[in-house]
C-alpha cells in the first residue's frame, strides 16, 4: 500500500496538517442527506489516523435547522448540548439533553432564502471516551443576522466513523450548499 500524499518516505511532511478528506457540493434538486464515511483503508479517507475532524459548512436553506448524527446513531439522548445564540438584539443560552441528533447549522430564514456558514470541530475522535464537539455558526437570517456557539458531547466511546447531515424537518439539502471535511493529524515533532 502506498503512503498518502502527506507522508514522504515514511515521514510526515507537515506537523500540524489539515488533510482534505472529502468535499460535497449539493447540485440539482438537492439531496436528503450528506454522508461522510471512513474508508478504513489506511489512506486519506480513513478517519482512524486523525486526531480531530473539522467540517466546514456553507448552507443554503429556506427555514430550518441542519442536524448531524454520528455513526448513524440516533439513540435517544445520546447528544448533550450547551447552546449560546442570538440575533443582535437578544441572546439565548440553553441546555439540551434529550436529543437524538446534534445541531449542525441553523438557517433561520422566514420565507426567503437563508445563507449560513459553520465550522464544526470534532475532538479526539478515536479515543475510548465520550466525544466533544464545538460548533460555531453564522446565518444571514433574511438580512438580520444570527450567530451561535454550541458545545456538544456525543455520549459514546466508539470512534467516529460516519457523519450524516440532514434537514431537521425532513426536507432536502438545497443546491449550492457545500460541506468540506478535513482530518487533523496528530502533531509529530521531536
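Read-outs: derived from the displayed coordinates by stated rules, not from any lab. Please read these numbers as outputs of a predicted model, since none were measured by experiment. Because the Cβ atoms are built from the backbone with ideal geometry, glycine has one as well, and the counts that use them run over all protein chains shown.
Couple of notes before you dig in:
- Residues residue 119 and residue 155, FRET efficiency given R0 of 22 Å [Cβ-Cβ distance, rounded to 0.05]: 0.45
- For region 46-89, fraction of C-alpha pairs farther apart than 17 Å, in %: 62 percent
- Modelled FRET efficiency - R0 45 Å, residue 98 with residue 44, Cβ distances, 0.05 increments: 0.80
- Label zone at residue 126, where the point sits 7 Å out along the Cα-to-Cβ direction: region 159-174 residues whose backbone N lies under 18 Å: 159-163
- Put in order of Cβ neighbour count within 10 Å, fewest first, the listed residues 60, 91 become 91, 60.
- Residues of region 114-140 with an amide N closer than 20 Å to a point placed 7 Å from the Cα of residue 82 along the Cα-to-Cβ direction: 119-125, 129-138.
- For region 27-55 and region 122-160, distance of Cα centres in Å: 16 Å
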